[in-house]
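Working notes for the structure below.
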Amino acid sequence: MYSGAERAVVEWMHDLAENGTIHFDEAAEERAFATLHASAARLFSCPPEEIAVGSSATELLASLAWAVAPTAGSNIVSTGLEFPSTIYPWARVARHTGAEVRLADMKGDYHRADDLIGLIDPRTAVVCVSDVIYSTGQRLDVAGLAEAAHRNGALLIIDATQSAGGIPIDVGALGVDALITASYKWLCGPFGVAVMYLAPHLHERLEPGLVGFRSHEQMWDLRADRLKLPPNAHRFEFSTMAYGCAPGLASSIDYLLRLDVGRIFSRNKTLADLLIEGLRERNAEILSPTDDGARSSIVATRFADMDVRILAERLNKAGIVVSARRGVLRFS
């Protein structure tokens with residue numbers, strides 16, 4: 001976690017411990033959200049009203065899945081290489097509505113565009129994928145997926161947890177309908193906060209699956225006899241949270257923007273190339289793409305006749321931080 005994010009969280013906790021709600025009043029609560037709206041908007045090249053703040057990416061995606069609620073006869077398209085949290089909300093909704101979940105059967109460890117696009121048809125309601133596959137680091141052609149989804153009247157929803165902060169993202173240029181990210185990976189933020197971009201054409205079309213006192217446009221009148229949702233992405237903000245995590249993440253995003261996310265990505269690719277060179281000298285099989293159009297900052301590998309879990313344990317004990325994921329060794 002970025003040290004500035006840590007300071008922001010600790011300062012909020014200390015102030016709350018010493019002064020309670022004397023300092024952290026309604027206006028301070030709104031500032032915490034507004035600060036993160038502004039920072040995330042700069043990160044994704046969109047207006048602040050197109051950003052929603054939540055406690056986790058899963059929370060935001062679950063609320064969005066129930067808002068879309070694909071009906072019986074429609075289908076939801078994703079891949080067999082997805083992280084479970086990206087699929088489970090849709091599977092739960094589909095179990096309730098009768099919609100079909102279609103997972104592209106990936107061949108080996110690599111996604112082929114036709115495997116996914118071939119599942120999209122006029123009955124597809126949603127295509128929901130990660131722009132970077134968590135196990136191998138493969139970067140998908142998001143703009144191409146957006147075109148295929150929209151051609152069939154479907155929404156494209158992206159989980160950017162493996163890319164945000166490490167790869168430049170322009171939501172308008174990509175054509176996504178929604179994009180959600182956690183905070184604790186390349187964004188270098190604290191746990192307990194996440195953000196979602198929601199395209200303007202969905203602001204008043206979708207009613208969030210999760211609502212609470214923050215869901216009302218004028219929340220501070222605290223009346224229970226009405227619910228008028230905000231006319232923007234903020235309608236997906238519904239509850240209290242660990243508020244200090246919001247300025248913490250905003251601080252981290254601002255730091256990354258000062259460094260320039262494009263420069264970060266370029267530097268990480270240089271480091272990844274050095275790692276790949278060394279791994280190949282040791283006869284490792286490189287599973288991550290190495291071409292510029294499909295690579296990210298994640299390197300996945302495996303060694304013949306070696307258990308990746310045992311190898312990961314040994315490397316971590318030696319101070320080399322790696323993960324064992326889906327039978328591969330992942331450096332990120």
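Residues 268, 232: which one is under 28 Å from residue 140 (Cβ atoms), at pLDDT 95 or above and touching an Asp or Glu at 6+ places or on another chain (Cβ under 7 Å)? Of 268, 232, the one residue that is under 28 Å from residue 140 (Cβ atoms), at pLDDT 95 or above and touching an Asp or Glu at 6+ places or on another chain (Cβ under 7 Å) is 232. Here 32, 104, 8, 67 are screened, and the one residue that is farther than 27 Å from residue 231 by Cβ and touching a Pro at 6+ places or on another chain (Cβ under 9 Å) is 8. Residues in segment 7-23 that are among the charged types (D, E, K, R), out of contact with any Ser or Thr (no Cβ under 9 Å at 6 or more places or on another chain) and closer than 19 Å to residue 252 by Cα: 11 alone.
Pairs linking a residue in segment 176-199 that is at pLDDT below 95 to a residue that is among the polar types (S, T, N, Q) and surrounded by fewer than 24 Cβ atoms within 10 Å (Cβ to Cβ), with Cβ atoms under 9 Å and 6 or more positions apart or on different chains, do not occur. Within segment 52-64, residues that are in the same structural domain as residue 203 (by TED's automatic domain parsing) sit with their Cβ atoms under 6 Å from residues that are aromatic (Phe, Trp, Tyr), at 6+ positions apart or across chains, in these pairs: 52/236; 53/33; 63/236. Being in contact with a Phe, Trp or Tyr (Cβ under 7 Å, 6 or more places away or on another chain) and in contact (Cβ under 8 Å) with a residue 12 or more places away in the chain: is that true of residue 110 here? No; evaluated as a whole, the condition is false for this residue. For segment 59-170, the strands (runs of 3 or more DSSP E) that sit wholly inside it and include 1 or more residues that are of a type in the set (Asp, Glu), surrounded by 19 or more Cβ atoms within 10 Å (Cβ to Cβ) and in contact with a helix residue (DSSP H, G or I) (Cβ under 8 Å, 6 or more places away or on another chain) are 155-159. The set of residues in segment 28-74 that are among the aliphatic types (A, V, I, L, M) and farther than 20 Å from residue 169 by Cα comprises 28, 32, 34, 62, 64, 65, 67, 68, 69, 72. May I ask you to say which residue of 87, 120, 133, 157 is modelled with pLDDT under 95 and of a type in the set (A, V, I, L, M)? Exactly one residue qualifies, and that residue is 133. The one condition from (1) polar (S, T, N, Q); (2) over 25 Å from residue 139 (Cβ atoms); (3) crowded, with 17+ Cβ neighbours inside 10 Å that residue 316 does not meet is (3).
Residue pairs whose Cβ atoms lie under 6 Å apart, separated by 6 or more positions or on different chains, with the first residue in segment 1-16 and assigned by TED's automatic domain parsing to the domain that holds residue 189 and the second surrounded by fewer than 16 Cβ atoms within 10 Å (Cβ to Cβ) and modelled with pLDDT of 95 or more, do not occur. One residue stands out among those in segment 240-272 that are without any contact (Cβ under 8 Å) to a residue 60 or more places away in the chain and not basic (Lys, Arg): the one that is nearest to residue 331 (Cα to Cα), which is 272.
Total residues in segment 107-140 satisfying the condition of being acidic (Asp, Glu) and within 16 Å of the chain's Cα centre (by Cα): the figure is 1.
No other residue among 278, 248, 293 is out of contact with any strand residue (DSSP E or B) (no Cβ under 9 Å at 6 or more places or on another chain), surrounded by fewer than 14 Cβ atoms within 10 Å (Cβ to Cβ) and not charged (D, E, K, R) apart from 278.
The values are calculated or read from the model by the stated rules, or taken from the named source; none is laboratory data. Remember, it's a predicted structure, so these values are computed and weren't measured experimentally. Note that each Cβ is placed from the backbone with ideal geometry, even for glycine, and that neighbours are counted across all protein chains shown.
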